[in-house]
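Notes follow the structure.
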Amino acid sequence: MVTPMYEPFQQQPPNLVNQYADDRVLRSFLHRVLPAAVLAQVAPELMTMGDRAGGELYRLQLADRRNEPTLTQWNAWGERVDEIELSPLWRRAAHLAAEYGLVALPYEQTYGPTSRLIQFALAYLFHPSTDVYTCPLAMSDGAARTLLRAGDPALIERALPRLTSRDPARCWTSGQWMTELSGGSDVGRSETIARPAPDGSWRLYGRKWFSSATTGQIALARPDGGAPGARGLTLFYVELRDADGRLQGIQVNRLKDKLGTRKVPTAELHLEGAPARLVGALAGGVRAIVPMLQVTRIWNSVMAAATMRRGIALARDYARRRIAFDVPLSRQPLHVETLAALQTEFEGAFHLSFLVAGLLGADEVGTADEQQTRLLRVLPSVAKLTTGRQVVEVLSEVIEAFGGAGYVEDTGLPALLRDAHVLPIWEGTTNVLALDTLRALAQPGTWEAIIGLAAHTSAGIADPELAAAGRQACAALAHARRWFDTAGARPQIERGARRLALTIGRSLELALLIAHAAWSLAQERDGRARIAAVRFARSPIDLIADDDHDDLALADDQPLPVG
Ligand SMILES: Cc1cc2nc3c(=O)[nH]c(=O)nc-3n(C[C@H](O)[C@H](O)[C@H](O)COP(=O)(O)OP(=O)(O)OC[C@H]3O[C@@H](n4cnc5c(N)ncnc54)[C@H](O)[C@@H]3O)c2cc1C
C-alpha cells in the first residue's frame, strides 16, 4: 500500500437539517400569531414537512437536477398525443402536495382564519426543495377561489372537490392561460376567439404563449369574447382532456427552453376548438379573474421569502465549513455582515408576505374588517413586487457567498438564482404591479389603511431604536402619500410608480419587523428580531424622488441639447 505524501484537502458541502426546526423566523411568527392549541395541533405536520424539505426532498432534488419534463407529440403509430412526462421530483411533489393539503387546507377551514397561515407555512417549507412545484399549486388554489367567487354551482361541484382533494389519485391541478404572443401584461391584446357551440358551451380558437401547468387537468382562460381590448375579455373554464385522457381541441406546440424553472412544463399551446364553459358573465373576464391573481401573487410573495430562506440556510451552513485565511467564513467579520444583510432582507419579506396571507384568510372566513379588505386590494401587488425584487438580489449574493462553487451546476446552487428570477416576472412584472398599485391607491381609504397599519404595528414600542425605526417607516409613508397627492397626472405619476410601490412595501416590512421584534424581546427574550429591524431601518426605505429628469434622453438615448 502506498502512503500518500500529503492529506488532500476535502471541502465539505453545505448541509440542511430539518427546515422547520431550523427556521427561527417561521417558528417565532407562528408562535406569535397562532392560538397555542392550533400550533400544537399543526406542529407535527410542520415538523415532518421540515424534515422532508431538509432531507428526502432535498436529496431527491439534487439527484433530479438534470431531469426535465419531456414532450412526446406523436406516438409510434402516427397519432398526435402531446404527452408530457414530468421529472421524478415533480411526481413525488405532486403526491406530497395533495397529502399535506397544500391547496385543500384553506377550503377545509379546519383552523378558521389561520388556515391560510398554516397552508402557506407548509408551502413555504415545501417550495425550495421541489423545484417550483408550487407553480401549479398556486394556480390551482387561485382557480378554486375564482370558481367559488364566480358562484356557478355546477362548476363548483365538478371542479372544487378535485382541486382541493387530498387524494393524489383524485386531485386535479389547474393552469391559467392569459399570456399570448401579442401581450402578457397587456392582455387586452389577446387574440383568442370564443365561439358559441349549439349545445350552449363554447369553443376556443387561438394560441397561448405561456402555459405552465399543461399537465394539469383544467385551465382558466381569458380569451376575447367580443369588444376590443380588456373590456371584451371573458373568463372560461377548460378541461384539457376527455374521459380517455386525450387532449380536447388543444395541441402542445413545444415546451419553452427557459432560464430557470426548468422542471415546470411551460408550453406553447394551440387551441383548435377546445371546449370551454363560461365562468361568470360575458365580457366580465377582468373582474372574474381577480381572485386568481390575488391568490397567485400571495403565493409568489411567500415563495420569494422561502427561496431567500433556503439560499441563506445553505450559505450559513457553508460559512461554518469553509475556511479562508485560517478562519471559518462564519467568523470573518465582512462575510458575517454580508450574511446578516441577507437575513435582514429575508425577514422583512417574510413578515410582509405572511401578513398578506393572513389578510386573505380573514377575508375568506368573513372576519376581515374594512381596513383589512382595503389592504387586501392593494397589498398582494405591493408584496409581490417588493419581495420579487428582494429575492433576486438576495439570491445573487447567496451565489457569491459560495465563491466559485456557487457558479457550478452540480452544487445545485445556480438553479436557486435562476428559479428566483421568475418571481418578479410572472403574475405581473414589477412595473405592471406598480401601476396596479397606483389604481388601488386611487380608491378611497387605501392610503389610510396602509398608513394606519404602519402606525398601529409600530405604536407603543418602548425600545428607543425600534421606536425611532417606527417613526421612520411612518415618515416614509407620509412622504409617499404627499408625492402621490401632488405628482399630478400621467405620465408623471406613472414614472414614479415603482419607487412609490417599493417605498410602501419596504416601509410596511420595516413596521412589521418592529412589531415582531418588540414581541420577541418581551415574549422570547431574544434580540435577533430586534437586530433585523434596526438593520432594516438602515437600508433604503424611502425611495421617493421629488426631482424630475428627462428619462427619454437616457432610456431611448435621445439627444438632450443644453443651454
Ligand atoms: C416561466 C414562465 C411561466 C409562465 N407561465 C404562465 C402561465 O402559466 N400562464 C400565463 O398566462 N402566463 C405565464 N407566463 C407569462 C408571464 O405572466 C408574462 O411573461 C408576464 O406577465 C409579462 O408579459 P410579457 O411577457 O408579454 O411582457 P411585456 O408585457 O411585453 O413586458 C415587457 C416589459 O415591459 C414592461 N411593461 C409592460 N407594460 C408596461 C407599462 N404599461 N408601463 C411600464 N412598463 C411596462 C414590463 O414590466 C416588462 O419589463 C409565464 C412566464 C414565465 C417566464
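The values are calculated or read from the model by the stated rules, or taken from the named source; none is laboratory data. Given the structure is predicted, the values throughout are model-derived calculations rather than measurements. With ideal geometry, Cβ positions are generated from the backbone for all residues, glycine too; neighbour counts draw on all protein chains shown. The accessibility values were calculated without ligands, DNA or RNA, using every heavy atom of the protein model including side chains. Shrake-Rupley method; radii C 1.70, N 1.55, O 1.52, S 1.80 Å.
Worth a mention:
- Test for Thr503: is it of a type in the set (Ser, Thr, Tyr), over 14 Å from Phe350 (Cβ atoms) and touching a His at 6+ places or on another chain (Cβ under 9 Å): yes
- Segment 15-42 residues that are within 17 Å of Ala123 (Cβ to Cβ) and outside any loop (DSSP other than H, G, I, E, B), paired with ones that are open to solvent by less than 60 Å² (accessible area, probe 1.4 Å) and charged (D, E, K, R) (beta carbon under 7 Å, 6 or more apart): Val25/Glu347
- Screening Thr215 against (1) over 19 Å from Ala143 (Cα atoms); (2) more than 8 Å from the ligand (Cβ to nearest atom); (3) not aromatic (Phe, Trp, Tyr) leaves a single unmet condition, (1).
- Restricting attention to segment 259-314 and to residues that are among the basic types (Lys, Arg) and either touching a Lys or Arg at 6+ places or on another chain (Cβ under 7 Å) or in contact (Cβ under 8 Å) with a residue 40 or more places away in the chain (or both), the residue that is nearest to Ser190 (Cα to Cα) turns out to be Arg277.
- Qualifying residue in segment 415-425 (condition: open to solvent by 50 Å² or more (accessible area, probe 1.4 Å), among the β-branched types (Val, Ile, Thr) and in a helix (DSSP H, G or I)): no
- Matching option when the condition is under 24 Å from Thr437 (Cα atoms), of a type outside the set (S, T, N, Q) and open to solvent by less than 30 Å² (accessible area, probe 1.4 Å), among Ile541, Ile451: Ile541
- Segment 166-212: number of residues that are open to solvent by 80 Å² or more (accessible area, probe 1.4 Å) and more than 8 Å from the ligand (Cβ to nearest atom): 12
- Restricting Ala63, Ala36, Ala94 to residues that are over 30 Å from Asn253 (Cα atoms) and at pLDDT 95 or above narrows the list to Ala36.
- Filter result for Ala123 (of a type in the set (A, V, I, L, M), part of a helix (DSSP H, G or I) and within 18 Å of the chain's Cα centre (by Cα)): yes
- Among the residues listed as Arg481, Arg499, the single one being within 16 Å of the ligand (Cβ to nearest atom), open to solvent by 60 Å² or more (accessible area, probe 1.4 Å), at pLDDT 95 or above and within 17 Å of Trp447 (Cβ to Cβ): Arg499
- Residue pairs whose Cβ atoms lie under 9 Å apart, separated by 6 or more positions or on different chains, with the first residue in segment 315-328 and more than 19 Å from Thr411 (Cα to Cα) and the second of a type in the set (Gly, Ala, Ser) and crowded, with 18+ Cβ neighbours inside 10 Å, are Pro328/Ala319.
- Taken over segment 456-474, the criterion of being outside any loop (DSSP other than H, G, I, E, B) and within 21 Å of Pro540 (Cβ to Cβ) is satisfied by Thr457, Glu465, Leu466, Ala467, Ala468, Ala469, Gly470, Arg471, Gln472, Ala473, Cys474.
- Residue in segment 85-100 that is farther than 19 Å from Leu57 by Cα and in a loop (DSSP other than H, G, I, E, B) present: no
- Given (1) over 14 Å from the mean Cα position of the chain (by Cα); (2) over 15 Å from Gly311 (Cα atoms); (3) in a helix (DSSP H, G or I); (4) of a type outside the set (Phe, Trp, Tyr), number of the condition Val398 does not satisfy: (2)
- If the condition is being part of a loop (DSSP other than H, G, I, E, B) and either modelled with pLDDT of 95 or more or within 16 Å of the ligand (Cβ to nearest atom) (or both), then segment 232-247 contributes Thr234, Leu240.
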